[in-house]
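A short worksheet on the structure shown next.
Throughout, read-outs are computed from the coordinates displayed, never taken from laboratory work. Keep in mind the model is a prediction, meaning the values are calculated, not measured. No Cβ is skipped: glycine too gets one built from the backbone with ideal geometry, and neighbour counts run over all protein chains shown.
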Ligand code: ASP
């Protein structure tokens, strides 16, 4: 007889792998609407954490560990829209979303509308490794992940009081803050992983869940590709954006960049008139950035290339 739920996967200790010399880390710190949004402190943060991740991958650490560690650093930084730096919703409350996916096993975990978690990406990993489920939401879901070991904070003192204006503006003092964070990595075992974490889109209503905790919308990884998105989440959910990009690349035998550009620029930007960007890598060494705005705050390093950080794509 078929079981209703798969068995709870057993968490494995961090293993080391040196089967190959190739490894890649690509991270993002969110969609960039105007060049002025990116400050030197953003670039410094990305440069530092990509350097650390590169060293970990060189040592044979797992892609999944490196992805989660990079996202934790961005969540803790307080200068991006994730973890400590998360924006608040229209009721003045921080609600965070995150997801992670292991491309090798196909397992994923996610949390959404969490009000007290210090590191939503770690909670997402707990969901993946310690439960038979993939997504926990709201107050009761938060209690479950806290019982599993997720660290909590006092929201009023921990999160910054950042109220984003509802409309995009060029006025620096009133500019909405983007800065969803994400990471994709290929380790020396040839395994891929992806993760995304956010405080959400400026002007969001209470209880709204974006694309960042939705596998196949913002985060996706399998044995060929790993992707993480940022932008207006509603469009990414309706498009199943990251799954669509991976499917186009695989089924239509397109370069990953071509598939990503079509979904980000033609469909999400062109047809939906929605802002968005993506990072993606393939097991064959493709490195993809695509945006329908100014760019995406990104950092990259591999066994062949030194640490690079920036924001403009074209
Ligand atoms: N995609 C996120 C959301 O809609 C926001 C962002 O990437 O800036 O919640």
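As an equivalent ellipsoid, segment 50-171 spans semi-axes of 25, 19, 12 angstrom, where each value is the square root of five times an eigenvalue of the C-alpha gyration tensor, largest first. For the listed peptides 45-57, 230-242, a ranking on the average number of other beta carbons within 10 Å per residue, highest first, reads 230-242, 45-57. Taking label points 7 Å from Cα along the Cα-to-Cβ direction, residue 158 and residue 76 give a separation of 1.3 nm. Hull volume per residue, based on the alpha-carbon atoms of the chain and their convex hull, is 132 Å³.
Compared with the rule-of-thumb size 2.2 N^0.38 Å for a compact globular protein, segment 186-246 has a Cα radius of gyration ratio of 1.20. The helix-only estimate of mean residue ellipticity at 222 nm for the chain, built from DSSP H runs of length n ≥ 4 each weighted as -39500 (n - 2.57), is -8000 deg cm²/dmol after division by the residue total. Be a star and scan segment 101-118 for residues whose amide nitrogen sits under 14 Å from the point 7 Å along the Cα-to-Cβ vector of residue 146. What the label zone holds, given the 14 Å backbone N cut-off, is 114-118.
When the alpha carbon gyration tensor of segment 23-109 is reduced to an equivalent ellipsoid, its three semi-axes come out at 25, 18, 11 angstrom, largest first. Placing a pseudo-label 7 Å from each Cα along the Cα-to-Cβ vector at residue 133 and residue 59 gives an inter-label distance of 3.5 nm. Packing around the peptides 254-260, 21-27, 35-41, 97-103, taken as the average count of other Cβ atoms within 10 Å per residue, puts them in this order, highest first: 97-103, 21-27, 254-260, 35-41. At an R0 of 41 angstrom, the distance between the Cβ atoms of residue 205 and residue 253 translates into a FRET efficiency of 0.50.
When each of the peptides 120-127, 296-303, 141-148 is scored by how many other beta carbons lie within 10 Å of its residues on average, the order from highest to lowest is 120-127, 296-303, 141-148.
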